[in-house]
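Worksheet: one structure, shown below.
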Amino acid sequence: MPALDRVVVWAVLVAAATTATAATAAEPTRRVLTARASQLDPRAQPHPEIDFVFEKDGKPTDLEHASVDTAVPARGRLMVWLMDHNAGLFERASALGIHALQPHYANKWFATVKPTDRLARGLVRLEAATGRDVSEQVAIPPADGMMERVRMFLRWLSQEHPAGRWEQFLSPDGASVLWEKVIVAGSSHGATTAARFAMDVPVDRVVMLCGPRDQDQDWQAGPSATAKERFFGFSHLLDGGWSGDHYCRSWELLGLERFGPIVTVDDARPPYGHSRRLVSAADVGGDEKRAHSAVQPGKGSPRAADGRFLYEPVWHYLLTHPVGEVGAGVPRDPACRHDHPLGG
């Protein structure tokens, strides 16, 4: 081959290699994966008696979501989110090196099943989360409970996305989830179930956005498998859970006053006195419903003048603050009402 031809061939090869390298470098390292729960586990069943179905109006309703960024140093923690998928929260978890997963499980009982005593609603939550037969009001088998849905999703993720190392959250035989590596989190109804679950199963931490509620229930004062300093709450003061003394009650029944006073994040900076009880009075246009959802990333969450979410440091704190660092305990608030009647 003439020298000139060899130079041309070499230039073509170099150009091709450079293009391939650039393309590889441009590939996103954050992956968002989805799967239908009913397709991951043939045992999964709908429960129309509590409006829990796999399809509605011709569209699937059992879609599960997961995300991870393999370019970020991993913390070895998995956030299990017990509410509808929140893409903004998952992006932030990924940026912090936290794996994130949102399971679809039988949680639609809330609007149809009323508590019969002051522990009943907590038992329904526990059955929905674990699949154990602990409540007489619902019949949710293990395959439709949160724990098993998370396990089956993790098994699929381990095969579908090996680079994500999802198997680190499973036992070596894949038979169980390593819950001590899990941040169980949720908002509202999901925050309340997250707290109830963590009282039964030891987890790494609990993140409760606009929760927990269950103001006519007493399970919050019971023994907890997860140490109470691992529970973190955040809510907006305009939320109806405050006018009704729901949040202050649940937080005090959980014993969170032992780890510091309630801190208003609007005029404070992390680490917020290492408190487990954070609140905000930021402008939400006087809208109580917006206040309820404002504490998670979304269109209703307040922003600074430059467009940044005001609560960015709060979310970082809730997900990563060392659990061993706690604030100084304070007395309970005598103005917080604890004696809500059943059904009140």
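Among the residues of the range 84-118, how many are closer than 25 Å to residue 170 by Cβ and surrounded by 15 or more Cβ atoms within 10 Å (Cβ to Cβ)?
Residues in the range 84-118 being closer than 25 Å to residue 170 by Cβ and surrounded by 15 or more Cβ atoms within 10 Å (Cβ to Cβ): 20 in total.
Which of the residues spanning the range 272-281 are in contact with a Leu (Cβ under 7 Å, 6 or more places away or on another chain), among the aliphatic types (A, V, I, L, M) and buried (at least 19 other Cβ atoms within 10 Å of the Cβ)?
The one that is in contact with a Leu (Cβ under 7 Å, 6 or more places away or on another chain), among the aliphatic types (A, V, I, L, M) and buried (at least 19 other Cβ atoms within 10 Å of the Cβ): 279.
Please determine, by comparing only the residues of the range 282-318 that are among the charged types (D, E, K, R) and farther than 25 Å from residue 98 by Cα, which one is surrounded by the fewest Cβ atoms within 10 Å (Cβ to Cβ). It would help to see each step written out before you state the result.
Looking only at the range 282-318, we keep the residues that are among the charged types (D, E, K, R), and these are 283, 287-290, 299, 303, 306, 308, 312.
Applying the additional criterion that residues be farther than 25 Å from residue 98 by Cα yields 283, 287-290, 306.
On the way: 283: 13, 287: 13, 288: 14, 289: 12, 290: 18, 306: 5.
Restricting to residues being among the charged types (D, E, K, R) and farther than 25 Å from residue 98 by Cα, the top hit is 306.
Condition check: over 22 Å from the mean Cα position of the chain (by Cα) and assigned to a loop (DSSP other than H, G, I, E, B). Does residue 258 satisfy that? Full working, then the answer.
On the way: over 22 Å from the mean Cα position of the chain (by Cα): yes; assigned to a loop (DSSP other than H, G, I, E, B): no.
Here the answer is no, as residue 258 does not meet what is asked.
Report yes if some residue within the range 286-295 is in contact with a Leu (Cβ under 8 Å, 6 or more places away or on another chain), on the phi > 0 side of the Ramachandran plot and not basic (Lys, Arg); otherwise report no.
yes
Select, from 73, 60, the only residue that is surrounded by fewer than 20 Cβ atoms within 10 Å (Cβ to Cβ), over 22 Å from residue 219 (Cα atoms) and touching a Phe, Trp or Tyr at 6+ places or on another chain (Cβ under 9 Å).
Details: 73 fails: touching a Phe, Trp or Tyr at 6+ places or on another chain (Cβ under 9 Å).
After ruling out the rest, the residue left standing is 60.
Output the residues belonging to the range 156-197 that are assigned to a helix (DSSP H, G or I) and either without any contact (Cβ under 8 Å) to a residue 40 or more places away in the chain or among the small types (Gly, Ala, Ser) (or both).
First pass over the range 156-197, keeping only residues assigned to a helix (DSSP H, G or I): 156-160, 162-164, 166-169, 179-181, 189-197.
Result: 158, 159, 162, 163, 164, 167, 179, 180, 190, 191, 194, 195.
I'd like the residue in the range 177-204 that is surrounded by fewer than 20 Cβ atoms within 10 Å (Cβ to Cβ) and touching a Leu at 6+ places or on another chain (Cβ under 7 Å) and, out of all such residues, is farthest from residue 75 (Cα to Cα). Write out each step before concluding.
So in the range 177-204, the residues surrounded by fewer than 20 Cβ atoms within 10 Å (Cβ to Cβ) come out as 178, 180-181, 201-202.
Among the residues that remain, those that are also touching a Leu at 6+ places or on another chain (Cβ under 7 Å) are: 178, 181.
Numbers: 178: 14, 181: 10 Å.
This residue is 178.
Under 9 Å by Cβ, and 6 or more places apart or on different chains, what pairs join a residue from the range 318-340 that is free of Cβ contacts under 8 Å to residues at least 60 places away in the same chain and within 20 Å of residue 78 (Cβ to Cβ) with one that is in a loop (DSSP other than H, G, I, E, B) and not small (Gly, Ala, Ser)?
322/271
Could you list, in sequence order, the residues of the range 90-114 that are out of contact with any His (no Cβ under 6 Å at 6 or more places or on another chain), modelled with pLDDT of 95 or more and not small (Gly, Ala, Ser)?
Within the range 90-114, the subset out of contact with any His (no Cβ under 6 Å at 6 or more places or on another chain) is 90-101, 103-105, 107-109, 111-114.
Subset that is modelled with pLDDT of 95 or more: 90-101, 103-105.
Across the range 90-114, the qualifying residues are 90, 91, 92, 96, 98, 99, 101, 103, 104, 105.
Among the candidates 200, 239, 216, single out the residue that is among the acidic types (Asp, Glu) and in contact with a Cys (Cβ under 8 Å, 6 or more places away or on another chain).
Numbers: 200 fails: in contact with a Cys (Cβ under 8 Å, 6 or more places away or on another chain); 216 fails: in contact with a Cys (Cβ under 8 Å, 6 or more places away or on another chain).
None of the other options fit; the residue is 239.
Those residues that are among the acidic types (Asp, Glu) and either part of a helix (DSSP H, G or I) or within 30 Å of residue 121 (Cα to Cα) (or both), I need them from the range 289-344; list them, please. So that I can check it myself, show each step before the final result.
In the first step, residues of the range 289-344 are kept if they are among the acidic types (Asp, Glu); the result is 306, 312, 325, 333, 339.
Within the range 289-344, 312, 333, 339 meet the criteria.
Right, residue 148: at pLDDT 95 or above, within 17 Å of the chain's Cα centre (by Cα), farther than 22 Å from residue 319 by Cα and in a helix (DSSP H, G or I) or not? Reasoning before the result, please.
Values: at pLDDT 95 or above: yes; within 17 Å of the chain's Cα centre (by Cα): yes; farther than 22 Å from residue 319 by Cα: yes; in a helix (DSSP H, G or I): yes.
Yes; evaluated as a whole, the condition is true for this residue.
Please find, among 48, 42, the residue that is at pLDDT 90 or above, over 30 Å from residue 314 (Cβ atoms) and loosely packed, with under 12 Cβ neighbours inside 10 Å.
On the way: 48 fails: at pLDDT 90 or above.
Sole residue among the options that is at pLDDT 90 or above, over 30 Å from residue 314 (Cβ atoms) and loosely packed, with under 12 Cβ neighbours inside 10 Å: 42.
Residue 286 is checked against (1) in contact with a helix residue (DSSP H, G or I) (Cβ under 8 Å, 6 or more places away or on another chain); (2) part of a loop (DSSP other than H, G, I, E, B) and fails just one. What number does that condition carry?
All conditions pass for residue 286, except number (1).
Which count do you get for residues in the range 217-226 that are surrounded by fewer than 18 Cβ atoms within 10 Å (Cβ to Cβ) and either at pLDDT below 95 or more than 21 Å from the chain's Cα centre (by Cα) (or both)? Break it down stepwise before answering.
Applying the first criterion (surrounded by fewer than 18 Cβ atoms within 10 Å (Cβ to Cβ)) to the range 217-226 yields 218, 221-223, 225.
Within this subset, residues satisfying the condition of being either at pLDDT below 95 or more than 21 Å from the chain's Cα centre (by Cα) (or both) are 218, 221-223.
Final tally of qualifying residues: 4.
If residue 327 satisfies every condition in (1) within 24 Å of residue 100 (Cα to Cα); (2) in contact with a Gly (Cβ under 8 Å, 6 or more places away or on another chain); (3) not β-branched (Val, Ile, Thr) but one, which is the exception?
Going through the list (1) within 24 Å of residue 100 (Cα to Cα); (2) in contact with a Gly (Cβ under 8 Å, 6 or more places away or on another chain); (3) not β-branched (Val, Ile, Thr), residue 327 breaks only (1).
Mind checking which residues of the range 238-260 are under 18 Å from residue 327 (Cβ atoms) and surrounded by fewer than 17 Cβ atoms within 10 Å (Cβ to Cβ)? Talk me through it step by step, then tell me what you get.
From the range 238-260, those under 18 Å from residue 327 (Cβ atoms) are 247-248, 251-252, 254-260; that's our starting set.
Within the range 238-260, just 258 meets the criteria.
Quick one: residue 211 ticks every box in (1) surrounded by fewer than 24 Cβ atoms within 10 Å (Cβ to Cβ); (2) within 19 Å of residue 119 (Cβ to Cβ); (3) not hydroxyl-bearing (Ser, Thr, Tyr) bar one, so which box is it?
Here residue 211 meets the rest and fails (1).
The values are calculated or read from the model by the stated rules, or taken from the named source; none is laboratory data. Keep in mind it's a predicted model, so treat the numbers as computed, not measured. Positions of Cβ are generated from backbone atoms using ideal geometry, with glycine treated the same way; all protein chains shown enter the neighbour counts.
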